[in-house]
Amino acid sequence: MQETNAINRRTFVSYTAATAGVLALAGCADTDGTDTDDTDTDDTAEDDLETMPEFLEVEDPPDAVYVPTHREAMRMLEPVEAGDMMVAPMLSYPHPFWIVAGTGADSLERTDPEDDRGVHMMFTVWDRETGVVLPVDDGAQIQVERDGESVGSPVSPWTMISQEMGFHFGDNVSLPEDGTYTVEVTLPPLSTRTTGDLEGRLEESATATFEFTYDDEFRHEVVGGVEYFDEDIWGERGALEPMDHGEHGHGDDGHDHGDHDDHGDHEEGHNHDHEDHDDHADHDGHDDEHDHDDGHDHGDHDEHDHHAVPYSALPEIDAYPGTILVDPEEGDVPDVTEDLPESGDARFLATVLESDHRLAEAEAYLLVSPRTPYNRVPLADMSMTATVERDGEVLEESALEQTIDGTYDLHYGASVPELEAGDTVTIETETPPQVARHQGYETAFLEMPLLELQVPEQ
Amino acid sequence: MTLPDQSALSRRDYIRALVAVGGASALSACLDAVGSDDGPDVPSGTDNPASLPDRQHAWNDALARDDDGNVQLPDHHVLVALSLETEVDDEARETTEQALRTLERAYEWGHEGLVFTIGYTPAYFDRFEASPAEVDLPEPEPLADDETPEYDEFDALLHLASDHPSVVLEAEAGLFGERDRVNGLEVETDLTGVFDRLDDRRRTGFIGEGLPAEHTDVSGVPDAVPEDAPFFMGFRAGFTDSQATEDRVTIEDGPFAGGTTQHISSMAINLTQWFDQENHYQRVSKLFSPEHADEELTGSVGEALGASSGLTTDRIEATEVDAREGGVVGHAQKAARAREDGQPLLLRRDFNTVDGDQPGLHFLALQRGIDHFVRVREAMNGDDLDVATANNGILHYLFVDRRGNYLIPPRPLRALPSADPTS
Ligand code: HEM
Ligand SMILES: [Cu+2]
């Protein structure tokens, strides 16, 4: 299989890029557009190629989404078909991440790579028909092979969230030797509740196979491609912008980040790799249209670019119909996700759909869509209960059911009575998102206190 | 067949590897390795095989118990897959019976000698165009959404178990004409001519404190496997109150009364994630129950549990709430939901394996009918539970690649039974 789209191909900007990071945070300036290869760094690195870059940590990060110490580099492979789905593999170097299993203090465990030789193997899965990224784990499996022989045991990859890649499946995979590896991915039938265009679909298991080569070139590109940010911004509240997932080389250059500044939903260090990012010009604009398949869906690129990989961003607030619930103190529906009511730094988009909406049955439908604050990454495998009250009396208490909709993607839903202005809906998070986290997400979405929302006055 | 390289392996691992290879040359290498031509001192069996219990699966009385009274399986196991080479007739039956009796005469029924069963698949009974009378023995099928197993479609399977690796090797060699004497007893009748061995379906394994940790040279077996764990996943299992009794799994009615059914699923286990990525608390929550973890009930490898898995009615009933409110459920807690009148349905005699040079498990369970196994497996799947797959017990780490169903007839019917021996 052909490998495409070497993100951070022009690597080794790492150390100089620290400055760029600061600038970028200050306002998405189109920095380092020259991308003068730092050939010195390049050369030294070449002599002694690292297999795993240093993992710098933030001291005392906030209990919230924060800017990590670095931007991870990766190689994207060409997406492959798996039945009605697409699988987009991405490879980075092995690095620590955090696994969540449960709710208590011991439920979060930092995982360090067993071996510095290998990859952090990731893939994103989406439905080809709707473009919806499938952000839940129903039991995906991978087996790595070399020359027809299994390498290591089969693996159930973790579900993970990362600021750059959004929701993905992944794990660190040890690769004892350089060479070409084949990976077989098996996706079981989707057992999560589906609605809309996904209803009754993806009920068959599917497999896909991809290949990659682990060698000096890979390490040069991926290990060498890490960008460390200036220490000043480490641990600041904010997030890296999603990496660009398309293939490029065309697209108008530069000056396209303006949109972002306008709606200011990222206060992060996106930026380097400008050329890659240039394409954002197109998407940024249509971020605002918030189709489920957007985020970094590449709209107009799609026709001529088969490598476009959707980023798992959920639609923005204005894409949701119904009555959006508000913070009782605020009273107004904000424009952007970052300003939505929060618990544990997750933002909660909650809307009540009247009984005439397709998602509602006899009663109204409460759709709750928790997401990361800046990149709108869906937060999967939570459990929540909603309590509806009117004048201090409980009207209904419902467990919210995890659902993937063909338009609104991941959300949690329940039937509720028709609501009136002033009614309150309290969301109790029993289990925070049981998904593994890359650096910058591991301290958020763990302790998630009760969240009180209100039906606003019209 | 090539023998393992002795210089590259620890002694016990070398012996384990010899058991995996099997055959006469593995046997003699094994005897060399254990240090005597005659092998260990193995007690001989009974002069009167008819004195052995009618139930082939009646092993427990002959097996040792640990300090807490939990039954201990023999250390070494071989599953020999058999394909019938002849018509089923009285002569073939007689040959089979005499061959098996030879083993019973040669080896004491127990750890120091040998225990074994022979079981028959639905494929075997196909030749009678009938299923075994009054036994629930369907063809094997997938039992979870995420698996596409192969099936045991050969005719029969011998399960040989002993604490002495040389005994399982010698018994097998004796049955197939590779050895004139077994434990000093002349082999007058063997199975050749009746059964063919299917070498590529032969499976082997081991169980017991310390054995898993000796296999850290196998790829996929992390150094972190605890020294004293009997199973790869690092904990004891098979506590008395979590096992069905032999009575509970015995077929009560019909011509096969006194027999049982056997399900064998073979699976790979991902131990890397289990040991290198998760902590003890997470392992205990996922294997036993979140409360076992919170209350530190297990000790490091389950030794603190004594004779009880600690699965109280409350902990079993808490499964759904633990899923929804705690985000994790334990494998044992969840499987115990299938108990009937508070009694487990399965008698598990599973063992570890490194067949295929990967860590795995041959999960061998006895139950009155295969439907009981299916019911337990459904409880273990926990499709009804509101919990992330990765936190749904240990499903995330297991990869089933083979399933087989068997009838283990009562001893008097063990030699090539027809589907309805009474008619
Ligand atoms: C590597 C795989 C497995 C491991 C490490 C494992 C481990 C355990 C452990 C530690 C227990 C609790 C203690 C005890 O056994 O007394 C248990 C119980 C049990 N397991 Fe497994 N198990 C595995 C696979 C399976 C499979 C494939 C099944 C098939 C359905 C299964 C069925 C059961 C049942 C029925 C119980 C007892 C529940 C009760 O007490 O009623 N296990 N297992
Ligand atoms: Cu990842």
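The values are calculated or read from the model by the stated rules, or taken from the named source; none is laboratory data. Since this is a predicted model, take the numbers as computed values, not measurements. Neighbour counts run over all protein chains shown; Cβ positions are idealised from the backbone, glycine included. Just the protein is used for accessible areas: all its heavy atoms, side chains included, with ligands, DNA and RNA removed. Shrake-Rupley method; radii C 1.70, N 1.55, O 1.52, S 1.80 Å.
With the crude spin-label approximation of a point 7 Å out along Cα→Cβ, what separation in nm comes out for residue B:91 versus residue B:247?
In this crude spin-label approximation the distance works out to 4.5 nm.
If each of residue B:46 and residue A:81 carries a label point 7 Å out from its Cα toward its Cβ, how far apart are those two points in nm?
Here the modelled spin labels are 6.4 nm apart.
Can you give the calculated 222 nm mean residue ellipticity of chain B, where each DSSP H run of n ≥ 4 adds -39,500 (n - 2.57) and the sum is split over every residue, rounded to the nearest 500 deg cm²/dmol?
Value at 222 nm, helices only, nearest 500: -6000 deg cm²/dmol.
Rolling a 1.4 angstrom probe over the protein heavy atoms, how many square angstrom per residue are accessible across the stretch A:317-454?
33
Which whole-number percentage describes the relative contact order of the stretch A:317-454, with Cα contacts under 8 Å and a sequence gap of 6 or more?
Relative contact order here is 25 percent.
Per the Kirkwood formula on distinct C-alpha pairs, the Rh of the protein assembly as shown is how many angstrom? Present the calculation step by step, with values, prior to reporting the outcome.
Values: mean 1/r = 0.0339 Å⁻¹.
By the Kirkwood definition, the hydrodynamic radius is 29.5 Å.
Report, to the nearest 10°, how far helix B:165-175 tilts away from the longest principal axis of the Cα atoms in chain B, using its own Cα long axis and a range of 0 to 90°.
Between the helix axis and the principal axis of chain B, the angle is about 40 degrees.
If amide H atoms are built 1.01 Å from N in the plane of the peptide, which residues on other chains or at least 5 residues away come under 5 Å of the amide H of residue B:299?
B:304
Taking 40 Å² as the minimum loss, tell me which residues in the stretch A:75-108 lose that much accessible area going from the chain by itself to the full protein complex (1.4 Å probe).
Residues of the stretch A:75-108 that lose at least 40 Å² of accessible area once the other chains are added: A:101, A:106.
Considering only protein heavy atoms, with the full assembly of protein chains and a 1.4 angstrom probe, order B:315, B:11 by accessible area, largest first.
B:11, B:315
Rounded to the nearest whole Å², what accessible area per residue is found for the stretch B:134-256 with the 1.4 Å probe?
39
Local charge sum around residue B:327 (other residues, Cβ-Cβ under 9 Å, Lys/Arg +1, Asp/Glu -1)?
That sum, taken over residues with Cβ under 9 Å, equals -3.
Using the Karplus curve 6.51 cos²θ - 1.76 cosθ + 1.60 with θ = phi - 60°, what ³J(HN,Hα) values do you get for each residue of the stretch B:147-153, in whole Hz, with x for Gly and Pro?
Once θ is set to phi - 60°, the couplings for the stretch B:147-153 become 10, 9, x, 8, 10, 6, 10 Hz.
Residues of the stretch B:304-343 that become at least 30 Å² less accessible with every protein chain present than in their own chain isolated, using 1.4 Å: which are they?
B:324, B:325, B:326
How high is the relative contact order of chain B, in percent, with contacts defined as C-alpha pairs under 8 Å that are six or more residues apart?
It comes to 23 percent, rounded to a whole number.
Calculate, in nm to one decimal, what residue B:54 and residue B:145 gain on full extension: separation in residues at 0.36 nm each, minus their alpha carbon distance.
That pair, residue B:54 and residue B:145, stretches by 28.9 nm at full extension.
Please report the buried accessible area for the interface of A with B, total over both chains, probe 1.4 Å, in Å² to the nearest 100.
Summing both chains' loss of accessible area gives about 2700 Å².
Going toward the positive end of the dipole of the stretch A:317-454, with +1 on Lys and Arg Cβ and -1 on Asp and Glu Cβ, which of A:413, A:386, A:364 do you reach last?
Of A:413, A:386, A:364, it is A:413.
Whole-Hz Karplus ³J(HN,Hα) for the stretch A:127-143, in order, using 6.51 cos²θ - 1.76 cosθ + 1.60 and θ = phi - 60°, x for Gly and Pro?
Those phi angles translate into 7, 5, 6, 9, x, 6, 6, 9, x, 9, 9, 10, x, 4, 9, 10, 10 Hz.
Explain nothing, just compute: Karplus ³J(HN,Hα) = 6.51 cos²θ - 1.76 cosθ + 1.60, θ = phi - 60°, for every residue of the stretch A:317-322 in order, whole Hz, x for Gly and Pro.
Per-residue couplings from phi come out as 3, 6, 7, 9, x, x Hz.
Check which residues have an amide H placed less than 5 Å from residue A:395's amide H, if you skip close sequence neighbours.
A:388, A:389, A:390
Under a 5 Å amide H to amide H cut-off, with H placed in plane at 1.01 Å, what residues pair with residue A:236 once short-range neighbours are removed?
A:67
Roughly speaking, what is the stretch gain from residue B:223 to residue B:8, that is 0.36 nm per residue apart minus the C-alpha to C-alpha distance, in nm to one decimal?
Result for the pair: 75.7 nm of gain on full extension.
Could you work out what % of the accessible surface of the protein assembly as shown is carbon and sulfur, using a 1.4 angstrom probe and leaving DNA, RNA and ligands out of the count?
Numbers: 13120 of 32030 Å².
Roughly 41 percent of what the probe reaches on the protein assembly as shown is carbon or sulfur.
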